[in-house]
Amino acid sequence: METEIPALLKAREMVSPERFTFHSSRMRMKHVTREELAKMDADSDRCALELSDAKVDVMGYACLVAIMSMGHGYHCTSSERLHRVTQDNGAPAPVVTSAGALVEGIRALGAKKVAVVAPYMKPLTEMVVEYIRNEGIEVSAYRALEIQDNLAVAAHDTANLPGIVAEMKTDDVDAVVLSACVQMPSLAAVAQVEALTGKPVLTAAIATTWSMLRALDLDTRVPGGGTLLSGAY
């Protein structure tokens, strides 16, 4: 969230006149477990309140798995609740979640069937897969990298991702979710995996950026952002 989304917005500044500032408020988490995710989500109201003091134009809830661990469809509940927090503080701002953005981004591409790579332990990855399936999207292949430590997720080598995808069955999918997590870096591999698979490739960070730009009613063309950020969606 704090690296790839600013990088995408900076890349957009090369082709569009708008300029962006980036502000963050942190919810604590060290290990990606259901218990810590629930505590993290409970802290999201505080973060939305703090950021609304800056009168930001849009907010993004970064943790995809924290949202998905709270039950099917929770991205809608979360966005609405956090938006009310900003309204009550006199600084209304749209709130997008990486979970909702990923689902919406897949739909925007017209993808019915996807392959998914996630850094989480297998039970959490399966929960993410079921969340996506509950939104009417078929997940025909997925890979859990089984990294539990949150900092280790951030340190995962992006260069490994093309090889991971090459081992998955992607010939029958409509799109590839290269990182179902805004914490796991993937941006540098997007173009390579699109070339490798011949499929549109999106990530949680790309989808969140796309959703933020749409919430701001701005053009969604971002160099290096893959098919979803080509400006066509």
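The values are calculated or read from the model by the stated rules, or taken from the named source; none is laboratory data. As the structure is a computational prediction, the values presented were derived from the model and not from experiment. Using ideal geometry, Cβ is built from the backbone for each residue, glycine included, and neighbour counts are taken over all protein chains shown. Please note that ligands, DNA and RNA were not included when accessible areas were found on the heavy atoms of the full protein model with its side chains. Shrake-Rupley method; radii C 1.70, N 1.55, O 1.52, S 1.80 Å.
When Rg and the Kirkwood radius Rh are both evaluated on Cα atoms of the stretch 1-65, their ratio Rg/Rh stands at 1.04. For the stretch 67-223, the fraction of alpha-carbon pairs lying more than 18 Å apart is 59 percent, rounded to a whole number. Taking R0 as 41 Å, what FRET efficiency do you get between residue 34 and residue 80 from their Cβ-Cβ distance, rounded to the nearest 0.05? My answer for the efficiency is 0.95. Backbone geometry of the stretch 214-226 corresponds, through the Karplus equation with coefficients 6.51, -1.76 and 1.60 at θ = phi - 60°, to 3J(HN,Hα) couplings of 5, 5, 8, 6, 10, 4, 9, 8, 10, x, x, x, x Hz, x marking Gly and Pro.
When Rg and the Kirkwood radius Rh are both evaluated on Cα atoms of the stretch 87-168, their ratio Rg/Rh stands at 1.06.
Computed from the C-beta positions of residue 152 and residue 192 and an R0 of 22 Å, the FRET efficiency is 0.45 to the nearest 0.05. State the extension gain, in nm to one decimal, for the chain segment bounded by residue 15 and residue 171, taking 0.36 nm per residue of separation less the distance between their alpha-carbons. Between residue 15 and residue 171, full extension yields an extra 52.8 nm.
Among 206-213, 15-22, 53-60, the peptide with the highest mean count of other Cβ atoms within 10 Å heads the list, and the full ranking is 206-213, 53-60, 15-22. Write down the percent of antiparallel bridges among all DSSP beta bridges whose residues are both part of the chain, to the nearest 5. Rounded to the nearest five, the antiparallel share is 10 percent.
Per-residue ellipticity at 222 nm computed for the chain from its helices equals -12500 deg cm²/dmol, with DSSP H segments shorter than 4 residues left out and the rest contributing -39,500 (n - 2.57). Fully extending the segment from residue 88 to residue 133, taken as 0.36 nm per residue of separation minus the present Cα-Cα distance, adds 12.8 nm. Per residue, the accessible area of the chain comes to 44 Å², computed with a 1.4 Å probe over protein heavy atoms only. Only lysines eight or more places from residue 30 in sequence, or on another chain, were considered; those with a Cα closer than 25 Å are 39, 122. With the simple spin-label model, which puts each label point 7 Å out from Cα in the Cβ direction, the residue 216 to residue 164 separation comes to 2.9 nm. Put simply, the stretch 59-134 fits an ellipsoid with semi-axes of 25, 14, 9 Å; these come from the alpha carbon gyration tensor as the roots of five times its eigenvalues, largest first.
Based on the reciprocal of the average 1/r between different C-alpha atoms, the Kirkwood radius for the stretch 167-233 equals 12.2 Å.
Taking the Kirkwood radius as Rh and the Cα radius of gyration as Rg, the stretch 1-153 has a ratio of Rg/Rh equal to 0.97.
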